[in-house]
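Working notes for the structure below.
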Amino acid sequence: MKMTAQGLTKEYARKSGNANRFTALHPLDFTLETGALTVLMGRSGSGKSTLLNLLAGLMRPTGGTVLAGETDLFALSDRELSAFRNAHIGVIPQGQTAIYSLSVLENVLLPYTLTGSAEGEEIARAKALLERLDIAGLADISPADLSGGELRRMAIARALVRQPEILLADEPTADLDDENTATVCKALQAAAGAGAAVLMVTHESGAEAYADRMLTMQGGVLSE
Ligand SMILES: Nc1ncnc2c1ncn2[C@@H]1O[C@H](COP(=O)(O)OP(=O)(O)OP(=O)(O)O)[C@@H](O)[C@H]1O
Ligand SMILES: [Mg+2]
């Protein structure tokens, strides 16, 4: 499912100098193509997460629109937007989102259990993802006992489990060693190969090798 942003802009309330508003994202037009892995790089504070969180519908823009396929994300109510995201968009946020009262496997199954229960085939897919990300042995323990890199891989499995048409990954390899970084890049590339529109924010220079398209963010301005 293609994503199209038009005139998308974000200002934050922040006192800097004489201004109370800080423009984190200058108006941008942007298309995230299906079947491709787009890699976004840029310095810390340049607005990468702001863009990704807007595309995920996790916060509302100051102006502009985001279409996911034919759906205008910000025309939806919060409840509709959450349901839409859960069904169509896999998000790997920059921060931690583990639920500590659930096991690792249950965390990965959340996209199903939020709206119902997980079927056998879905549980099998979750387990296969844990296997692929080399954390199958941790399926039944609490995320509280996981390392940073293991938590990251759990979040990646959760974002992939519903085979989303759009996948948005914010520095998914930040806490990972070279081997796991390659595994994760390959998993994102495979999702693109299966037809998803995939965006990965990263500082990893090696990510270029996996990218179908490279973008750079500089001071809230996106360029090819
Ligand atoms: N909630 C907020 N309120 C005010 N300013 C914010 C808020 N969130 C982000 N900013 C500012 O907007 C700018 C862009 O932030 P953003 O998180 O998008 O950067 P980033 O490119 O993802 O950086 P990093 O590589 O460090 O994750 C930063 O200068 C940041 O301080
Ligand atoms: Mg960020």
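The values are calculated or read from the model by the stated rules, or taken from the named source; none is laboratory data. Just so we're clear, the structure is a prediction, and the values are computed from it rather than from any experiment. Here the Cβ positions follow ideal geometry from the backbone for every residue, glycine too, while neighbour counts run over all protein chains shown. We work out accessible area using only protein heavy atoms, side chains counted, and drop any ligands, DNA or RNA first. Shrake-Rupley method; radii C 1.70, N 1.55, O 1.52, S 1.80 Å.
Given just the C-alpha atoms of region 19-99, how large is their convex hull per residue in cubic angstrom? Intermediate values should be presented prior to the final figure.
Details: hull volume 11.9 nm³, N = 81.
Convex hull volume per residue, Cα atoms: 147 Å³.
What list of ³J(HN,Hα) couplings, whole Hz, do you get for region 137-154 from phi and the Karplus terms 6.51, -1.76, 1.60, once you set θ to phi - 60° and write x for glycine and proline?
Karplus-based 3J(HN,Hα) across region 137-154 equals x, 9, 3, 9, 9, 7, x, 4, 9, 9, 6, x, x, 5, 4, 4, 5, 4 Hz.
I'd like the distance separating the alpha-carbon centroids of region 108-146 and region 28-71, in whole Å.
Distance between centres, Cα-based: 27 Å.
Can you count the Lys pairs in the chain with C-alpha separation below 28 Å, eight or more apart or on different chains? Display every interim value, and only then the final one.
Values: Lys2/Lys10; Lys2/Lys48; Lys2/Lys186; Lys10/Lys48; Lys15/Lys48; Lys48/Lys186; Lys127/Lys186.
Number of lysine pairs found: 7.
Select from region 1-106 those chymotrypsin sites (Phe, Trp or Tyr not before Pro) which occupy a DSSP coil region and have at most 14 other Cβ atoms within 10 Å, ordered by residue number.
Working: sites: Tyr12, Phe22, Phe30, Phe74, Phe84, Tyr100; in loops: Tyr100.
Counting only loop positions with at most 14 other Cβ atoms within 10 Å, the chymotrypsin sites (Phe, Trp or Tyr not before Pro) in region 1-106 are Tyr100.
If N is the number of residues in the chain, what value comes out of its Cα radius of gyration divided by 2.2 N^0.38 Å? List each step's numbers first, then the result.
Values: Rg = 17.3 Å, N = 224, 2.2 N^0.38 = 17.2 Å.
That works out to 1.00 for the chain.
Any idea of Glu80's accessible area? Nearest 10 Å², probe 1.4 Å.
100
With both partners inside the chain, how many of the DSSP beta bridges are antiparallel, as a percent to the nearest 5?
Numbers: 19 of 38 bridges.
If we restrict to bridges inside the chain, about 50 percent are antiparallel.
Report, to the nearest whole %, how much of the accessible area of region 1-85 belongs to carbon and sulfur atoms, 1.4 Å probe, protein only.
Details: 2020 of 4230 Å².
The computed percentage sits at 48.
Taking 0.36 nm per residue of separation and subtracting the Cα-Cα distance, what length does fully extending Phe22 through Ser223 add?
70.3 nm
Over region 115-224, with every protein chain in place, what whole percent of the accessible area is carbon and sulfur at 1.4 Å, could you tell me?
Working: 2190 of 4930 Å².
After summing per-atom areas, the C and S share lands at 44 percent.
Nearest 5 is fine: what % of DSSP beta bridges in region 100-224 come out antiparallel, could you say? Let's see the in-between values first.
Numbers: 3 of 8 bridges.
For region 100-224, the DSSP antiparallel bridge percentage is about 40.
Any idea what the dipole of region 1-60 comes to, in debye rounded to 20, about its Cα centre with Lys/Arg Cβ at +1 and Asp/Glu Cβ at -1?
Details: 8 positive and 3 negative charges, 63 e Å.
So the dipole magnitude of region 1-60 works out to roughly 300 debye.
Students often check this: by mean Cβ neighbours within 10 Å, which of 130-143, 47-60 ranks highest, and how do the rest follow?
Details: 130-143: 16.9, 47-60: 21.1.
Packing order, densest peptide first, comes out as 47-60, 130-143.
Compute the accessible area per residue over the chain, keeping the other protein chains in place, probe 1.4 Å, unit Å².
Result: 46 Å² of accessible area for each residue.
From the backbone phi of region 36-48, what are the Karplus-calculated ³J(HN,Hα) couplings (6.51 cos²θ - 1.76 cosθ + 1.60, θ = phi - 60°) in whole Hz, Gly and Pro given as x?
3J(HN,Hα) across region 36-48, in whole Hz: 9, 9, 9, 10, 10, 10, x, 5, 4, x, 7, x, 5.
Expressed in nm to one decimal, what extension gain is obtained for the pair Ser103 and Arg43 from 0.36 nm per residue of sequence separation less their Cα-Cα distance?
On the way: separation 60, 0.36 × 60 = 21.60 nm, distance 3.49 nm.
Full extension of this stretch gives 18.1 nm more.
PRE reach from Ala136 (point 7 Å along Cα→Cβ): which of region 152-195 fall under 16 Å by backbone N?
Taking a point 7 Å out along Cα→Cβ of Ala136, the residues of region 152-195 whose backbone N falls under 16 Å are 154, 157.
Enumerate the calculated ³J(HN,Hα) couplings along region 19-29 in order (Karplus 6.51 cos²θ - 1.76 cosθ + 1.60, θ = phi - 60°), each rounded to whole Hz, writing x wherever the residue is Gly or Pro.
Running phi through 6.51 cos²θ - 1.76 cosθ + 1.60 with θ = phi - 60° gives 8, 9, 10, 10, 8, 7, 9, 7, x, 9, 10 Hz.
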